[in-house]
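Data first, discussion second: the structure below is written as structure tokens.
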Amino acid sequence: MDHISSMFVRKLAPLLVPDTPTGKTRAQAMFERAGLMYQPIGDQPRTIPAADFFDILENLAQEEPDGRSLGVRLGARMQCDDYGPFGLAFKAAPDLLGSFNRVERFGMVVTSVANYRVEPRGKTTFMAIDPGENTRLGQRMTNELAVSAGTALCREVSAKAFTPAAVFFSHERPASLDAYQRHFRCPLHFGTDRDGFEVTEDDLRVGNRLGDEGLSKFFETHLDKELAEFVDDSRLDQKVCSEISRALSEGVPAISDVASRLGMSARTLQRRLSDDGHVYQDLVELTRRRLAERLLRQTDYALAEIAFLTGYSEQSTFTRAFKRLSGQTPASYRQVTAGP
């Protein structure tokens, strides 16, 4: 089951418009939906199901004035200290590239949805949000939250004033852009093929104000232990497929790279997969096929582009592999599954 830190629910409460003199009624209902006590004290669960958080955002989008922008407004409030050791590791990294490399590696301790991957692109680097299924408004608002929070944390830690080069969202433009323009202060693009924000090489390498490699390593050790707790053996194959999918545009990842992302050694990952009846290479092929099928159904990308995104160096190789795995060519599959 996908999860997200319950901390985000607590941070949402001050953004709600009070409907009583105490301001608790609306927040109380929101907390109850997430199975939390209104006062953030006592034994709160560290995470809640992501679907519950999506429900909260979708309800608030209908109930609150400008509720549709709550994800962006919540992200704008986030600070490193809100995230515990994860945020401190972000702050202590030597520069923003180091910060986001840690986010990419340890994001699972905060959430299993809307995680980042770092995509170098020459003079800029794209901080990409793993899109997930992206079929629900709550998921789209959570993606906005992730992009907004990433921007806020960069502004907090960078040694120079930070503004993204541009921000991208795969969903359509909301009716009001006031909160988006107020927070991001850069070109905004909607209806694109990605979610995330672009950072210039200069901003990426300028250095963090409190960068300390020793502290960063200390927090990484702590996060390695936390990360291991989130690797549920009963869903290990799904976690592996998710990590493979994120990396495919750069080529098929080695099992050692995937194991590192999951907080274990390659030998341990291989053993656990074997115990569950899985083979790493089979999961690679499964992931490639599923990603290719989704891209063929949901996008108008050229076959050469889909070949690249699924880790094939040539379209002809992709076509042969897809036919072997699915029984039909990519073009035939697209034609059969195309909508009216």
Next item on the list: Order the following by accessible area, largest value first: Leu283, Leu215, Leu137. Probe radius 1.4 Å; ligands, DNA and RNA are ignored.
Entry: Leu215, Leu137, Leu283
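Put His171, His189 in order of accessible area, largest first, 1.4 Å probe: what do you get? Please report the intermediate quantities before stating the final value.
On the way: His171 15, His189 70 Å².
Result, largest first: His189, His171.
Nearest 5 percent is fine: what portion of the DSSP beta bridges confined to the chain is antiparallel? Intermediate results must be reported in sequence, preceding the final value.
Details: 19 of 21 bridges.
Roughly 90 percent of the beta bridges in the chain run antiparallel, per DSSP.
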Next item on the list: Round to the nearest 0.05 the FRET efficiency obtained for His171 and Arg46 when R0 = 35 Å and r is the Cβ-Cβ distance.
Entry: 0.75
Note to self: Rounded to the nearest 10 Å², what accessible area does Val279 have for a 1.4 Å probe in the complete protein model?
What the structure shows: 80
Next item on the list: Can you tell me the equivalent ellipsoid semi-axes for the range 159-318? Use √(5λ) from the Cα gyration tensor, largest first, whole Å.
Entry: 32, 27, 15
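Could you give the size of the charge dipole of the chain about its Cα centre, using +1 on the Cβ of each K and R and -1 on the Cβ of each D and E, expressed in debye and rounded to the nearest 20? Present the calculation step by step, with values, prior to reporting the outcome.
Working: 43 positive and 47 negative charges, 74 e Å.
For this selection, approximately 360 debye.
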Checklist line | Along principal axes, Cα extents of the chain, largest first, whole Å | finding: 66, 53, 42
Note to self: Based only on Cα atoms, what mean projected area does the convex hull of the range 113-212 have, in nm²?
What the structure shows: 6.6
Next item on the list: Grab the eigenvalues of the alpha-carbon gyration tensor for the range 168-246, scale each by 5, take roots, and send me the semi-axes largest first in whole angstrom.
Entry: 31, 24, 12
Check: Mind checking the angle between helix 236-247 and the chain's longest principal axis? C-alpha axes, 0 to 90 degrees, to the nearest 10.
Finding: 90
Checklist line | Rounded to the nearest 20 debye, dipole of the range 49-162 from Cβ charges on Lys, Arg, Asp, Glu | finding: 600
Check: If ligands, DNA and RNA are left out, what is the accessible area of Glu172 with a 1.4 Å probe, given in Å² to the nearest 10?
Finding: 140
Next item on the list: Over the chain, give the accessible area per residue in Å² for a 1.4 Å probe, as an integer.
Entry: 47
Next item on the list: Just name one of Gln238, Leu16, Leu296: the one whose Cα is farthest towards the positive end of the charge dipole of the chain (beta-carbon charges, Lys/Arg +1, Asp/Glu -1).
Entry: Leu296
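By how many nm would the segment from Leu215 to Arg155 grow when fully extended, if each residue of separation counts as 0.36 nm and the alpha-carbon distance is taken off?
Details: separation 60, 0.36 × 60 = 21.60 nm, distance 2.01 nm.
Value of the extension gain: 19.6 nm.
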Next item on the list: Return the carbon/sulfur percentage of the accessible area of the range 173-328, one whole number, probe 1.4 Å, all protein chains in place.
Entry: 46
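Using +1 on the beta carbon of Lys and Arg, -1 on that of Asp and Glu, and nothing else charged, what's the dipole of the range 74-124 about the Cα centre, debye to 20? Could you put the intermediate results ahead of the total?
On the way: 7 positive and 5 negative charges, 33 e Å.
About 160 debye.
The values are calculated or read from the model by the stated rules, or taken from the named source; none is laboratory data. What you are looking at is a predicted structure, and each value in this text was computed from that prediction instead of being measured. Using ideal geometry, Cβ is built from the backbone for each residue, glycine included, and neighbour counts are taken over all protein chains shown. In case anyone asks, the SASA skips ligands and DNA or RNA and just uses the protein heavy atoms, side chains included. Shrake-Rupley method; radii C 1.70, N 1.55, O 1.52, S 1.80 Å.
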